[in-house]
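Read the structure below first, then the notes.
The values are calculated or read from the model by the stated rules, or taken from the named source; none is laboratory data. What you see is a predicted model, and the numbers here were worked out from it, not measured in a lab. All Cβ positions, glycine included, derive from the backbone under ideal geometry; neighbour counts span all protein chains shown. Accessible surface areas use protein heavy atoms only, side chains included; no ligands, DNA or RNA. Shrake-Rupley method; radii C 1.70, N 1.55, O 1.52, S 1.80 Å.
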Amino acid sequence: MGGFVSLANVTGSSITAAIQAIGSGGTSVSAGTFTLAAHATQMLDLDELVGGLPGTENQAGGLRVEYKGPMNGLMVVGGLVNLKEGYSATMPFGPYDGSSAKPAAITYASAGLMAGAPEPMMNFPRGTTFQPYFVLRNTTAGALTLSAAINWMASGGLVTANLPPLTLAPFATVQYDMKSAMAKLGLGNFNGNINLSVSFTGHAGDLIIATGSVDNTGTYVFEVEPEGVSPTDSKQVAYWTTANGFDTTYSLWNPTAQAEDLTVTFYYGDGSGSYVLPVHLAPNDSTMIDVMMLIESGQPDANGHMFPMTETAGSAIIRNTVAGTVKTATGTPLPAPLTLVAAGGTFNVETATCGVTCITCCGYSNPAVVPNPIYC
């Protein structure tokens, strides 16, 4: 297994970045200092960055990139690659500002982790099976105690079960043994999707999580980006496609104790129209939407419109059907906030290409109060 890290300076001034490699047990070594000119990009080899870690600590762990400059002035991306198996996955990087704010209860969740055999209509090769993975990294100098749970649909209905609690040592990285945990819950032969949540008390950025599913050959990797569980005005989906053998799927999970009625509006890439799909989620319920299957179903939407086969790309937005208290300038009520965990992926079975579909939370962000004159 190899990999890369890419640094991109998006500012008009040079930036110097220091990289630390942290082993699975928390050992930290300097991986070098790199100066990037304005708007420059540099690609780094992962094996070279972690080569100074002792023993087997260079087999798993994390990286810390520090620089002085504006927030988001340096973009950092990374990936893991195994050319022999055709395996590839992104390395999640998250901001960390060492906030002195009071610790708070935080929950992250991932929706739609595939386990066992996939749906036959997804056309994977015969014998393909998936196993969820769950990797956690403590970015702080103190121990971090976590509680985790999984949610799935059984023959008797929805089931939620707690996983054994876990304490991460300072700066440690752990790959949770999902196979054993699921076997203990009687899910050794489970076929379907599970939802995963992890909770702790701390600050945003204290914990970095990577979740997803990988098949038995290491060829298909379906990453699921964890997201914070909190109310948002809506969820916006940047892109879906069904062109050239690709398909896009979305997993939606209602992690609350109240039912939610939603609309998923698919917009066509050429701007010619939309397709509105109503979705009802009972408490803790989840569902998966396969865009290709939706088109092929030939069912009219809530407005009587068909989803044309000729439309092969576009975007989408997920809203609450319940009207909220906030109104537009014309007095029209806006949809009420929703608490929803959503994940999306675009894949091509024939080429073994899988990628995360970006889903953003549309809520209030970056509020500020600026005096003289004062405005909000």
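For the stretch 285-300, enumerate the residues that are of a type in the set (A, V, I, L, M, F, W, C), open to solvent by 30 Å² or more (accessible area, probe 1.4 Å) and under 19 Å from the mean Cα position of the chain (by Cα). Spell out the reasoning first.
As a first pass, look at the stretch 285-300 and keep what is of a type in the set (A, V, I, L, M, F, W, C): 288-289, 291-295.
With the extra rule that they be open to solvent by 30 Å² or more (accessible area, probe 1.4 Å), the set shrinks to 288, 292-293.
Within the stretch 285-300, just 288 meets the criteria.
Of the residues in the stretch 23-50, how many are within 25 Å of residue 170 (Cα to Cα), open to solvent by 50 Å² or more (accessible area, probe 1.4 Å) and small (Gly, Ala, Ser)?
So the answer is 3.
Kindly evaluate residue 218 against the criterion of being modelled with pLDDT under 95, in contact with an Asp or Glu (Cβ under 6 Å, 6 or more places away or on another chain), open to solvent by less than 40 Å² (accessible area, probe 1.4 Å) and not in a strand (DSSP E or B).
Values: modelled with pLDDT under 95: yes; in contact with an Asp or Glu (Cβ under 6 Å, 6 or more places away or on another chain): yes; open to solvent by less than 40 Å² (accessible area, probe 1.4 Å): yes; not in a strand (DSSP E or B): yes.
So residue 218 fits the description; yes.
Give, as residue ranges, the strands (runs of 3 or more DSSP E) completely inside the stretch 1-96 that count at least 1 residues that are modelled with pLDDT of 90 or more and within 30 Å of residue 354 (Cβ to Cβ). Full working, then the answer.
Numbers: elements: 2-9, 15-23, 28-36, 41-45, 61-67, 74-82, 87-90.
Correct list: 2-9, 15-23, 28-36, 41-45, 61-67, 74-82.
If we keep just the residues of the stretch 144-178 that are among the polar types (S, T, N, Q) and in a strand (DSSP E or B), which is nearest to residue 253 (Cα to Cα)?
Going through the stretch 144-178, the residues among the polar types (S, T, N, Q) turn out to be 145, 147, 151, 155, 160, 162, 167, 173, 175.
Cutting the leftovers down to in a strand (DSSP E or B) gives us 145, 147, 151, 160, 162, 167, 173, 175.
Working: 145: 25, 147: 19, 151: 10, 160: 13, 162: 17, 167: 26, 173: 27, 175: 24 Å.
Looking at the filtered set, the residue picked out is 151.
Does residue 186 satisfy the condition of being assigned to a loop (DSSP other than H, G, I, E, B), open to solvent by less than 60 Å² (accessible area, probe 1.4 Å) and not aromatic (Phe, Trp, Tyr)? Even if it seems obvious, please write down each step before you answer.
On the way: assigned to a loop (DSSP other than H, G, I, E, B): yes; open to solvent by less than 60 Å² (accessible area, probe 1.4 Å): no; not aromatic (Phe, Trp, Tyr): yes.
Answer is no for this residue.
Pick from the stretch 237-257 the residues that are of a type outside the set (Ser, Thr, Tyr) and within 21 Å of residue 148 (Cα to Cα): which of them is most open to solvent (accessible area, probe 1.4 Å)? First the steps, then the outcome.
Taking the stretch 237-257 as the starting set, the residues that turn out to be of a type outside the set (Ser, Thr, Tyr) are 237-238, 240, 243-247, 252-255, 257.
If we keep only those that are within 21 Å of residue 148 (Cα to Cα) too, we end up with 252-255, 257.
Numbers: 252: 2, 253: 15, 254: 0, 255: 38, 257: 78 Å².
The extreme case among them is 257.
Within the stretch 196-215, which residues are charged (D, E, K, R) and either assigned to a strand (DSSP E or B) or in contact with a helix residue (DSSP H, G or I) (Cβ under 6 Å, 6 or more places away or on another chain) (or both)? Steps first, answer last, please.
Filtering the stretch 196-215 for residues charged (D, E, K, R) gives 206, 215.
215 - this is the single residue of the stretch 196-215 that is charged (D, E, K, R) and either assigned to a strand (DSSP E or B) or in contact with a helix residue (DSSP H, G or I) (Cβ under 6 Å, 6 or more places away or on another chain) (or both).
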